[in-house]
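Visitor: Take this structure first; my questions come after.
The values are calculated or read from the model by the stated rules, or taken from the named source; none is laboratory data. Since the structure is predicted, the reported quantities are computational estimates derived from the model, not experimental observations. Every residue, glycine among them, receives a Cβ derived from its backbone with ideal geometry; neighbour counts consider all protein chains shown.
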Amino acid sequence: MRRRRRRRPGTRAATSDAFELFLDALCNALGVIMFILLCLVVFAKVTKGTQTAVDPVKIEAEITALEARAAALELTLAGLLQALAAMPPSGDPALIKRWQELLASLEEMRTKKLAEVEGEKNARAKLAASAAALQEAEQRKRNLDAELARLDDARKRQNTVIQFVRVARFKPDARKAVLVLCGDARVSLAKVEKKDQSFSEPSGTGIPVSDAASAKLAVRQLMEGRVPTAWRVEIAVWPSGFTAYKLLERELIEQRYGINPLPLPSGESLQEGAGGVQ
């Protein structure tokens, strides 16, 4: 007769309890990992759906907290795997096979989680690059708006520069008239060859007038041989010659010439003088 080997009392119960504790710990670890993965997936979907409304600072804080928690769980999981590897089960071959399959599954989940963490880091980098590009585009838009506002203001001032009216008495004058053209920051005498002759805005012709000295020189050349008692001055003024006119006007008044300014919009021609002085 074969002798049956006697087993020490309490051995099977102790092995069963240890394995149950191992399964409990393993299930708890898997549950925590699945919870973290679920949070990452939900967070990724929310971030993708509300990409234009999220706050990058808040997202950074939440991601940092999740990374810290994941790192702590990673250390716990690594210690558990090391302890389990050092204490292989003994006894039933089916239990050994199941234990090895659980270890392989746990390692696969760990690898997948690391890949998802790497993907999350790449997504954060893309989000930061997109935020920087958006900020740069907004700054360029603000600069363009400021430049357009400046150009619009300059255009308005240019359009209103000819809107001057001298409030003074207008009286007929029998003195001979000298017609002066002011345009392109220059002044010149108009050559009157026929009655009702029209004169267009000059460009690049005449005497440059930019200060008091050049205005005095221009008056000397324009009015050479013409005394104030026998001659009066009619001045056609376009917007491009308004500054030159104001300098010329001051010099003509100081030399006691009678003058009559004739404001003209850009592109408009002068048909004839007014025949008087102000």
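Visitor: From A44, A53, A13, grab the single residue that is at pLDDT 60 or above and small (G, A, S).
Guide: None of the other options fit; the residue is A44.
Visitor: Filter the range 205-258 down to residues that are touching a residue at least 60 places away in the same chain (Cβ under 8 Å) and part of a helix (DSSP H, G or I) and give me whichever is nearest to the chain's Cα centre (by Cα).
Guide: P239
Visitor: Sticking with this one: Which of the numbered conditions does D211 fail, given that it passes all the others? Conditions: (1) modelled with pLDDT under 85; (2) closer than 25 Å to T243 by Cα.
Guide: (1)
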